[in-house]
């Protein structure tokens, strides 16, 4: 199992533990549908994903995952308040043009919003940037700046500051160390590699 696949598996397992069986789930930036497919199999959820990339949506459909190609904001605006039990934004928030609008709209259509992201403030990223004086390159951030995602790398401190300003309640969180397996209990903005949050109003 590659490091990336192992990390993706841990991510999926934590989210899967949070999802209640037989609930309605929306995945924003669903990619090829790996997470939704896992939730459909393990929790029998009624799931739908949305992504801009046609090839990713095609992969979802081929794997039996219901998915919509298009803008996630436009998609969410078609639904009434609290239509979904959970909206998931896993490894997507850092690539959004307007993360505030997306998260607030997700909180409108969902009872709970799950957000997961790589902590750009992790100490290895800081050291790499300091020593090399260039964009961070590692197994998580694999691209050059001119072909890069994420567009808006964020830290745990950034995200919790955002939640405080927007009066978003953090119902629970899981902070994982650099190995993405062990819990990170001290100095998470420096020592955590990955963060998962459950948000409510």
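The values are calculated or read from the model by the stated rules, or taken from the named source; none is laboratory data. Just so it is clear, the model here is predicted, and its values are computed rather than measured. Please note: Cβ atoms are built from the backbone with ideal geometry, for glycine as well, and neighbour counts cover all protein chains shown.
Run down 64, 70, 29 and say which single residue is on the phi > 0 side of the Ramachandran plot, surrounded by fewer than 18 Cβ atoms within 10 Å (Cβ to Cβ) and at pLDDT 95 or above. Let's see the steps before the verdict.
Values: 64 fails: at pLDDT 95 or above; 29 fails: surrounded by fewer than 18 Cβ atoms within 10 Å (Cβ to Cβ).
Exactly one of 64, 70, 29 is on the phi > 0 side of the Ramachandran plot, surrounded by fewer than 18 Cβ atoms within 10 Å (Cβ to Cβ) and at pLDDT 95 or above, namely 70.
For the range 146-180, give me each residue that is out of contact with any helix residue (DSSP H, G or I) (no Cβ under 6 Å at 6 or more places or on another chain) and in a loop (DSSP other than H, G, I, E, B). Across the range 146-180, the qualifying residues are 148, 166, 167, 168, 178, 179.
Quick check on the range 112-128: of everything there that is surrounded by 14 or more Cβ atoms within 10 Å (Cβ to Cβ) and more than 16 Å from residue 163 (Cα to Cα), which residue is modelled with the lowest pLDDT?
Looking only at the range 112-128, we keep the residues that are surrounded by 14 or more Cβ atoms within 10 Å (Cβ to Cβ), and these are 112-123, 125-126, 128.
Restricting the remaining residues to those that are more than 16 Å from residue 163 (Cα to Cα) gives 118, 120-123, 125-126, 128.
Working: 118: 92, 120: 93, 121: 94, 122: 94, 123: 93, 125: 89, 126: 92, 128: 86.
Going through the qualifying residues, I end up with 128.
Kindly establish whether residue 104 is at pLDDT 95 or above, in a helix (DSSP H, G or I), surrounded by fewer than 17 Cβ atoms within 10 Å (Cβ to Cβ) and touching a helix residue (DSSP H, G or I) at 6+ places or on another chain (Cβ under 7 Å).
no
Quick one: is residue 80 under 17 Å from the mean Cα position of the chain (by Cα) and closer than 26 Å to residue 200 by Cβ? So residue 80 fails the test.
Residue-by-condition table, conditions (1) in contact with a strand residue (DSSP E or B) (Cβ under 8 Å, 6 or more places away or on another chain); (2) farther than 23 Å from residue 148 by Cβ:
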| site | (1), (2) |
| --- | --- |
| 51 | yes, no |
| 81 | no, yes |
| 84 | yes, yes |
| 87 | yes, yes |
| 90 | yes, no |
| 94 | yes, no |
| 98 | no, no |
| 101 | no, no |
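Inspect all residues belonging to the range 57-79 and state whether any of them is touching a strand residue (DSSP E or B) at 6+ places or on another chain (Cβ under 6 Å), in contact (Cβ under 8 Å) with a residue 24 or more places away in the chain, over 23 Å from residue 194 (Cβ atoms) and assigned to a strand (DSSP E or B). Yes, there is a match, as at least one residue in the range 57-79 is touching a strand residue (DSSP E or B) at 6+ places or on another chain (Cβ under 6 Å), in contact (Cβ under 8 Å) with a residue 24 or more places away in the chain, over 23 Å from residue 194 (Cβ atoms) and assigned to a strand (DSSP E or B). Considering the range 129-145, and only residues there that are modelled with pLDDT of 80 or more and part of a helix (DSSP H, G or I), the residue that is farthest from residue 187 (Cα to Cα) turns out to be 132. Going through (1) within 30 Å of residue 39 (Cα to Cα); (2) crowded, with 19+ Cβ neighbours inside 10 Å; (3) over 17 Å from the mean Cα position of the chain (by Cα) one by one, residue 166 falls short only on (2). Would you be able to say whether some residue in the range 190-198 is within 30 Å of residue 82 (Cα to Cα), without any contact (Cβ under 8 Å) to a residue 60 or more places away in the chain, crowded, with 18+ Cβ neighbours inside 10 Å and in contact with a helix residue (DSSP H, G or I) (Cβ under 9 Å, 6 or more places away or on another chain)? No, the range 190-198 contains no residue that is within 30 Å of residue 82 (Cα to Cα), without any contact (Cβ under 8 Å) to a residue 60 or more places away in the chain, crowded, with 18+ Cβ neighbours inside 10 Å and in contact with a helix residue (DSSP H, G or I) (Cβ under 9 Å, 6 or more places away or on another chain).
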